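Peer 1: The structure that follows is given in the form of structure tokens.
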Amino acid sequence: MKNLSLLILSSLLLSSSVLGAQSDSWSAQSTEKQFDKTSQMIKKSSEGQQKNGLVLTPNAQSKIASSNAKKTEAQARTLTARPDVKAIYQEFWIYDAWVEFYSDDDRDGYFNHFSIEFDADTDFNSATVYARLYLGKDEVFKEYHATSNFNIYSDTNTDSFVVESELLNGFASADYEVLIELYDAYSDELVAVYDGYNDADLYLLPLESNEFETVQVVVVREHGGSLSLLGLFLIPLIWMRRLKKAA
């Protein structure tokens with residue numbers, strides 16, 4: 001009996017550890033768009049796989065291209081504190097951001113497919129940058145996408161960048177916050193941060209990954225005690241048959 005109890009306890013501990021590992025595992029896939037250029041599908045996961053990226057600045061220098069390849073293949077970051085830009089003179093900033101939701105298959109109010117569009121500006125005539133996008137809950141932010149290098153032009157509003165994403169697994173149904181880090185592609189220096197504190201559109205986004213998009217099927221069962229429609233039609237026939245026998 002003692003051995004059986006130990007076996008059950010070991011099984012429970014093993015199950016808990018497996019479930020814990022699964023909860024830390026996640027993946028998402030995204031496409032990028034700026035002007036009339038759209039990338040192929042780019043996959044990012046907790047294991048650091050990000051593939052099929054399309055550099056949106058084909059004339060970038062080799063140093064930038066190498067930096068771009070490294071960051072897209074690197075393991076996704078997790079932030080436990082909001083980043084702080086310490087530059088005295090802010091030469092880069094994010095002016096605005098927009099969110100659009102696409103699909104909610106089970107109609108529970110939580111979406112697995114959405115997009116983030118943001119407009120980054122600079123004091124320079126043009127600059128090459130890239131961004132890291134995070135989803136946060138309880139002040140823990142997971143990087144679900146690192147963009148390719150792209151160009152921004154002064155403070156124009158026509159160079160906005162769009163990341164359309166689908167959460168594949170590992171994101172439970174909850175209200176998430178989006179945090180955007182903007183980097184200088186030449187120096188890899190963090191130059192701007194934008195989150196729900198700056199823009200309410202990035203706060204309390206109802207999201208969930210695909211495995212939580214379960215469509216409920218309602219099954220209606222008929223019990224023997226209930227009177228069916230066929231039974232209502234049979235009652236007059238039985239009554240007429242009894243009257244005929246009585247006659």
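Peer 1: Tally up the residues in segment 199-211 that are modelled with pLDDT under 95 and either closer than 10 Å to Asp108 by Cα or open to solvent by 90 Å² or more (accessible area, probe 1.4 Å) (or both), please.
Peer 2: Residues meeting the conditions: 0.
Peer 1: Would you be able to say whether some residue in segment 80-97 is surrounded by 18 or more Cβ atoms within 10 Å (Cβ to Cβ), under 21 Å from the mean Cα position of the chain (by Cα) and over 25 Å from Thr156 (Cα atoms)?
Peer 2: Among the residues of segment 80-97, not one is surrounded by 18 or more Cβ atoms within 10 Å (Cβ to Cβ), under 21 Å from the mean Cα position of the chain (by Cα) and over 25 Å from Thr156 (Cα atoms), which makes the answer no.
Peer 1: Among the residues of segment 171-208, write down those that are among the small types (Gly, Ala, Ser), under 17 Å from Lys142 (Cβ atoms) and in a loop (DSSP other than H, G, I, E, B).
Peer 2: Within segment 171-208, Ala172, Ser173, Gly196 qualify.
Peer 1: Kindly indicate which of Gln40, Gln29, Gln34 is open to solvent by 80 Å² or more (accessible area, probe 1.4 Å), modelled with pLDDT of 90 or more and touching a Leu at 6+ places or on another chain (Cβ under 8 Å).
Peer 2: Gln40
Peer 1: Ok, one more. Which condition from (1) in contact with a strand residue (DSSP E or B) (Cβ under 8 Å, 6 or more places away or on another chain); (2) within 24 Å of Gln29 (Cβ to Cβ); (3) open to solvent by 20 Å² or more (accessible area, probe 1.4 Å) is the one that Glu189 breaks?
Peer 2: Every listed condition holds for Glu189 apart from (2).
Peer 1: Do you know which residues across segment 123-170 are open to solvent by 20 Å² or more (accessible area, probe 1.4 Å), outside any loop (DSSP other than H, G, I, E, B), among the polar types (S, T, N, Q) and more than 18 Å from Asp96 (Cα to Cα)?
Peer 2: Selection gives Asn169 alone.
Peer 1: What number goes with the only condition from (1) open to solvent by 40 Å² or more (accessible area, probe 1.4 Å); (2) touching a residue at least 24 places away in the same chain (Cβ under 8 Å); (3) in a strand (DSSP E or B); (4) not polar (S, T, N, Q) that Glu100 does not pass?
Peer 2: (2)
Peer 1: Those residues that are more than 15 Å from Thr214 (Cα to Cα) and of a type outside the set (Phe, Trp, Tyr), I need them from segment 160-173; list them, please.
Peer 2: Of everything in segment 160-173, those that are more than 15 Å from Thr214 (Cα to Cα) and of a type outside the set (Phe, Trp, Tyr) turn out to be Ser160, Val162, Val163, Glu164, Ser165, Glu166.
The values are calculated or read from the model by the stated rules, or taken from the named source; none is laboratory data. Here the structure is a predicted model, which is why all the values come from computation and not from measurement. With ideal geometry, Cβ positions are generated from the backbone for all residues, glycine too; neighbour counts draw on all protein chains shown. The protein model used for the area step is the full one, side chains on, heavy atoms only, and it has no ligands, DNA or RNA in it. Shrake-Rupley method; radii C 1.70, N 1.55, O 1.52, S 1.80 Å.
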